[in-house]
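Notes to accompany the following structure.
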Amino acid sequence: MNQTPPAAPGAPDGLHPAGAPAATPAGGPPPGQSASAPKSAAATSILSKKLRLGDALIQEGLINEEQLQQALALQKKSGKRLGAVLVEMHLVTEQDIVQILSKQLRIPFIDLSNYLIDPVIAKLVPEHIAKRHMLIPINKVGNKLTVAMVDPLNIIAIDDIQLMTALMVKPVVATHTDINKALQDAYGAVAQQDKLMDDLEDIGHSDDEDLDGLGELGENDAPIIRLCNLVISQAVQNGVSDIHIEPFEKELRIRYRQDGMMYTAMQPPKKATAAITSRIKIMSSLNIAEKRLPQDGRIKIKVSNRMIDLRVSVLPVIWGEKIVMRILDQTSLKVNLEDLGFEPKTLERFKTGVASPYGIILVTGPTGSGKTTTLYSALTSVNSIDTNVMTAEDPVEYMLHGVNQVQCKPEIGLTFAAALRSFLRQDPDVIMVGEIRDFETAEIAIKASMTGHLVLSTLHTNDAPGTIGRIVNMGIEPFMVTTSVILVQAQRLVRKICKDCKFEIKPRAEQIAQFGITPELIRRIDLPHINEKNMMFYKGKGCESCANSGSRGRVGVYEVMMMSERLRDIILNGGSTDDIRRQSIEEGMLSLRESALRKALTGMTSLEEVLRVTMGEH
């Protein structure tokens, strides 16, 4: 039986000393390649770099010469690789070794424990090849395939992959433990998806098929049940905000929304559409027989030992019913105002408003702009044992300890207005109304704010100054608006640049002019250290950490307008939205565009994001 010989003393874990040939795996060279075949450019370049693990560890101060000699003696007796021996002696960790290899070879180190492997990318290399060489593909861009490897000098493995994929391999270093776990997760998901798709091909495709029994299936491995569970669990693990299941004439598409952008996750067989729709309806306690009207429901499911709520919306479309599931993950809720992305002076303004004993605070912005998170953070900041906090929501998205939350149900008469009337008989200090949609709700909320209660709510307007006109157009008298409203905040979400691939861009003169970046603006946004000479913008190149998107996560941009005596006069005199905006800016309000530009100048987001999110803003 052939065995790969142990690495030479002082050589890196699993690698060979410079100049020594790599061992040929049992069975000879891969098909189509002779033993003398020339190596790939990437492999030859890597192999040409000298490396001795023991010397490198001593150089970095992780071990001393005496410890190295002890490890080499143990290696000689056990036949194990030097790195494995050093780890067993508790002198170094796997992380130490791969970081040394990364530094010596100038090959990037990837922490796979924080990286989600796409099963589609993993399928590019057969499982037995990946396990034999302890590697896993993690990203593909054009004709380049990034592969995480324990042994980045394994030129046999690199050539194998290049031959079978016709792609150029870019190796990165990862720990044995991380790659082993990634192999189990990724190829397990591949096998699961493959089997699911095969099983789904056997499902009937008649829209009139009787699927009522799906909710009572005794076996947990029924294909439809497994598919729906897989769609939800993958979305939760990926940090997705919404799941879209969309039927078309000849295909069924499942898409995820992550960081505000959509991408296709999978495409099950078209004939499984009716079964998947029925299964989601059953999970949501909806009527599976009703296919003509929209329906709303909720799913509570346990994923990775944490409870996840999903808001489900079913809408009849031409080729079936479109389903959108919004994921509400309690563990992902940020309830600290400092973590949301407020500028220092803007945060101070907002906190001042929230600390008021009475009045109304309005948070505005489009759907998906983070309004609910801001309101929950504000409630958390005022929630204490001596304060009675009550909310009317539709739906209740997150459970807040110590807050009395009411789920409104308009179909039985429990509207926002009805809940508000009842709240006033419950001795509240702070009231939150999910949304002001009509005159009745607005009138009660404003009257409550004028009678000693702090009221927080949301409104759908484009900016803070425009909110005043929206309330007046609902039928509220201007004098009631000026008496009750103490603060209006508008917000958006911009994508953050990936920290691992961020690079600087010197702005062009036309860009500076286009965005109106002047010394006055820089003074307003409080960045005194920035001037035209040292001004920089930033962007993400795209890397393994961000799935080549150049961005990871989102952060808010805000404009906070505080009511002042001058603003009250303008509103009472019938001033326009532009008049209100000019006065607010004169009093120190940063606009959405200015807030976004500050984040661009400090390297948090890109100019493209500023333009995308604040196009048309002042």
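Just so it is clear, none of the values below were taken in a lab; they were calculated from the coordinates. Computed from a predicted structure; not experimentally measured. Note: ideal-geometry Cβ built from the backbone for every residue, glycine included; neighbour counts use all protein chains shown.
Just to confirm a number: summing +1 for Lys and Arg and -1 for Asp and Glu over residues other than GLU608 whose beta-carbon lies under 10 angstrom from that of GLU608, what do you get? Present the calculation step by step, with values, prior to reporting the outcome.
Working: positive: ARG495, LYS539, ARG612; negative: GLU609.
Summing Lys and Arg as +1 and Asp and Glu as -1 gives +2.
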Self-check item: Cβ crowding within 10 Å averaged over residues, with 438-447, 516-525 ranked highest first
Solution: 438-447, 516-525
Self-check item: Label zone at SER356 (point 7 Å along Cα-to-Cβ), backbone N below 11 Å, region 430-462
Solution: 449-450, 453-456
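Extension gain GLU565-ASP386, at 0.36 nm per residue separation less the Cα-Cα distance, in nm? Before the final figure, lay out each step's value.
Details: separation 179, 0.36 × 179 = 64.44 nm, distance 3.17 nm.
Gain in length upon complete extension: 61.3 nm.
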Quiz item: At a Förster distance of 51 Å, what's the computed FRET efficiency of MET164 paired with THR518, Cβ-Cβ distance as r, to 0.05?
Solution: 0.35
Exercise. Compute the length gained on full extension between MET262 and LEU230: take 0.36 nm times their separation in residues and subtract their Cα-Cα distance, giving the result in nm to one decimal.
Key: 9.7 nm
Self-check item: Distance from region 325-379 to region 467-531 (C-alpha centre basis), Å
Solution: 16
Quiz item: What's the extension gain from ILE301 to LEU414 if we count 0.36 nm per residue and subtract their Cα-Cα distance?
Solution: 38.0 nm
Quiz item: Simple spin-label model, 7 Å along Cα-to-Cβ: GLN59 to ASP579 in nm?
Solution: 7.3
Practice problem: Apply 1/(1 + (r/R0)^6) to the Cβ-Cβ distance of GLU88 and ASN143, taking R0 = 56 Å, and write down the FRET efficiency to the nearest 0.05. | Solution: 0.85
Exercise. Mind giving me the nanometre distance, one decimal, between the label points for GLN405 and PHE479, set 7 Å out from Cα along Cα→Cβ?
Key: 4.0
Exercise. May I ask you to order 484-494, 77-87 by the average number of other C-beta atoms within 10 Å around their residues, highest value first?
Key: 484-494, 77-87
Quiz item: Ordered by packing density, taken as the mean number of other Cβ atoms within 10 Å over each peptide's residues, highest first, how do 55-61, 429-435, 178-184 rank?
Solution: 429-435, 178-184, 55-61
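Take the Cα pairs of region 243-400, get the Kirkwood Rh, then feed it into Stokes-Einstein at 37 °C and 0.692 mPa s and tell me D in µm²/s.
Working: Rh = 18.4 Å.
The calculation lands on 179 µm²/s.
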Quiz item: What do the square roots of 5 times the Cα gyration tensor eigenvalues come to for region 294-358, in whole Å, largest first, as semi-axes of the equivalent ellipsoid?
Solution: 36, 18, 11
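Quick check on my link table: of LYS496/LYS533; LYS345/LYS539; LYS170/LYS499; LYS371/LYS506; LYS270/LYS371; LYS345/LYS506, which ones sit more than 29 Å apart, alpha carbon to alpha carbon? Walk me through the numbers before you get to the answer.
Working: LYS496/LYS533 25 Å; LYS345/LYS539 26 Å; LYS170/LYS499 20 Å; LYS371/LYS506 34 Å; LYS270/LYS371 37 Å; LYS345/LYS506 27 Å.
Distance filter (> 29 Å) returns LYS371/LYS506; LYS270/LYS371.
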Self-check item: Computed E for GLU510/ALA73 - FRET, C-beta separation, R0 51 angstrom, nearest 0.05
Solution: 0.15
Self-check item: Alpha-carbon centroids, region 90-160 and region 575-618: separation in whole Å
Solution: 43
Self-check item: Separation of the LYS447 and ARG292 label points, Cα + 7 Å toward Cβ, nm
Solution: 4.0
